[in-house]
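Please treat every number below as a calculation from the coordinates, not as lab data. Small disclaimer: the values here were computed from a predicted structure and weren't measured. Methodologically, a virtual Cβ is constructed for each residue, glycine included, from the backbone with ideal geometry; neighbour enumeration extends over all protein chains shown.
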Amino acid sequence: MNSDPERISELLDEGISSLNEAINLINKLGIDSKTDAVATLASAIGNILYSRTFLPVNPDDPHDELPEPDLDLTEEQQKKVDLLTHEQLENIDRRIIASSSTQWRKVARIVGATMQEDKIGGIPDIFYSQRVRKLVEDGRLESEGNLDYMGRSEVRLPDTLKS
């Protein structure tokens, strides 16, 4: 088996593209099980994105560098986020905590799992990453790594919340 990181990255990109096409086709169907199918595909996409974080970074290759930090919300995205109620924010935070573990987990994985359950729609992953940061600031999660990079940072439940 070829373990060339460039080829692995290409395969992951192809997988993401195929899964996105599948989601678009399912969304056009209008069947009752559409939500379950999309959730399953979203989980697969999250797992692919998570697996990309294990690819090595080659400092000698100008094309293989650390990604840019997570972007800020656009003005349009911020307007959608501003419409969220206090109850919706609490539900998002609860789902983030529920997706967390006593073991370290990538923030991207937590964000993906939380977005799967989101019934609001139109709220970008960046916002969920911001909520993770807020939960870390509040002491409800512990972090490792730079939270400006959701794919390169991890969180876990603090000792006081471990069961």
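The local environment of Gln77, defined by Cβ-Cβ distances under 15 Å, has a net charge of -4 under the rule Lys, Arg +1 and Asp, Glu -1.
What the pair-distance distribution of region 74-163 shows, using all Cα-Cα distances binned every 10 Å from zero, is 18, 53, 26, 3 percent.
Against the empirical 2.2 N^0.38 Å (N residues), region 75-116 has a Cα radius of gyration ratio of 1.32.
For the residue pairs Lys28/Lys134; Lys79/Lys106; Lys80/Lys134; Lys28/Lys79, the C-alpha atoms sit more than 24 angstrom apart in Lys28/Lys134; Lys79/Lys106; Lys28/Lys79.
Summing charges over neighbours of Lys106, with a neighbour being any other residue whose Cβ is under 9 Å away from its Cβ, gives +2 when K and R count +1 and D and E count -1.
The string of couplings for region 76-85 from the Karplus curve (6.51, -1.76, 1.60, θ = phi - 60°) is 5, 5, 4, 4, 5, 5, 4, 7, 5, 7 Hz, one whole number per residue in order, with x for Gly and Pro.
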